[in-house]
Amino acid sequence: MGTLAYLTSKDSVKNTFTVGKVKITLDEAKVDANGKVIADADRVKENSYKLMPGHEYTKDPTVTVKAGSEESYVRQIVTVSFNKALSDAQLATNLDSIFQGYNASDWVRNAKDVKTENGKTVITYEYRYKETVTATDGDKKLPALFTGIKIPDDWTNETLAGFGEFEINIEAHAIQADGFTTADAAWAKFSN
C-alpha cells in the first residue's frame, strides 16, 4: 500500500492593538505672596496671594499636552468664588476685568455661569482651545490662558474683607477628538 499525500495550505492574520491616550498637565509660574514670579523656580500647581486694591499678580495657567497623546479637544474651566453675593452689574464690571493678558486668539470663552450657593458667589468660565491638539511626537505646550490678575482700583479694604475667602481655581480637561464631529459633542460626553 502506498503513502497518501494531501494538498494543504495555511495562513493567519495577527492583530495587535495598542491603547491610545490623551494626557495633559496644568501648571503656573511660582510666585510670592505679592504675585511676583520667583526666578528659577519650578512651575507649580498652587500659589497663595495677598490681595490689595489696584495690585497686579502673575497668574499664567498653562496646559501641556503630553507626548503620545491622540488628537484632542482641550479646555480650561476657571472658577472664581468668594463669601459674598454681588449684583450682576458688579460682576460684569469688576470680575470679568480682573483677568489680565487674556489670550483671546488661542482660547475662546465658551460659557459663563454665575450662581449663589449658601451666600457664596461662584462664577464659572469655560475657555476652549481654538483647535484640536495632537502631541504624538513630543509634549505640546499651549499658550497661557491669561498672564495675570488685577484687583480693581475701586475695591477698598472693606470690599476685600467682605469677600472672605477669595479663590480662583482652574481645571484643564482634554478629550479625544476621534469619534466626534464637533467640540460641543465631545464636551457633552465629557460632562456625562
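The values are calculated or read from the model by the stated rules, or taken from the named source; none is laboratory data. Just so we're clear, the structure is a prediction, and the values are computed from it rather than from any experiment. Using ideal geometry, Cβ is built from the backbone for each residue, glycine included, and neighbour counts are taken over all protein chains shown. Each accessible area value is taken on the protein alone, full model and side chains, heavy atoms only, with ligands, DNA and RNA left out. Shrake-Rupley method; radii C 1.70, N 1.55, O 1.52, S 1.80 Å.
Among SER69, SER97, SER81, the largest mean-square fluctuation in a Gaussian network model of the chain, built with springs joining Cα atoms closer than 10 Å, belongs to SER97.
Ordered from largest to smallest accessible area (heavy atoms of protein chains, 1.4 Å probe), the residues LEU160, LEU4, LEU142 come out as LEU4, LEU160, LEU142. With a simple spin-label model that places each label point 7 Å from the Cα along the Cα-to-Cβ direction, the separation between ASP178 and ALA67 comes to 2.0 nm.
Stretched out fully, how many nm does the piece from ALA33 to GLU171 gain, at 0.36 nm a residue minus the Cα gap? Numbers along the way, then the final one.
Values: separation 138, 0.36 × 138 = 49.68 nm, distance 2.17 nm.
Extra length available between ALA33 and GLU171 comes to 47.5 nm.
Taking amide H as placed 1.01 Å from N in the peptide plane, VAL22 has its amide H under 5 Å from the amide H of GLU70, each at least 5 places away in sequence or on another chain. Under a Gaussian network description of the chain, with springs only between Cα atoms under 10 Å, the residue in LYS50, LYS66, LYS140 that fluctuates furthest is LYS50.
Please tell me which of these pairs span more than 19 angstrom C-alpha to C-alpha: LYS84/LYS115; LYS21/LYS141; LYS120/LYS150; LYS36/LYS66?
On the way: LYS84/LYS115 11 Å; LYS21/LYS141 17 Å; LYS120/LYS150 21 Å; LYS36/LYS66 28 Å.
Long pairs (Cα-Cα over 19 Å): LYS120/LYS150; LYS36/LYS66.
Phi angles of region 38-45 translate, via the Karplus equation with coefficients 6.51, -1.76, 1.60 and θ = phi - 60°, into HN-Hα couplings of 8, 4, 6, 8, 5, 5, 10, 9 Hz per residue; Gly and Pro are given as x. Among (i) 8, 29, 28, 16, 6, 3, 3, 2, 2, 1, 0, 0; (ii) 9, 34, 37, 18, 3; (iii) 7, 24, 19, 13, 12, 11, 8, 4, 1, 0, find the value of P(r) over Cα pairs in 10 Å bins from 0, in percent that was calculated from the structure presented, and write down its label. Recomputing P(r) over Cα pairs in 10 Å bins from 0, in percent here gives the entry labelled (i).
Run the numbers on the chain and let me know its relative contact order in percent, using alpha-carbon pairs under 8 Å that are six or more apart.
Details: 375 pairs, mean separation 57.6, N = 192.
Relative contact order for the chain comes out at 30 percent.
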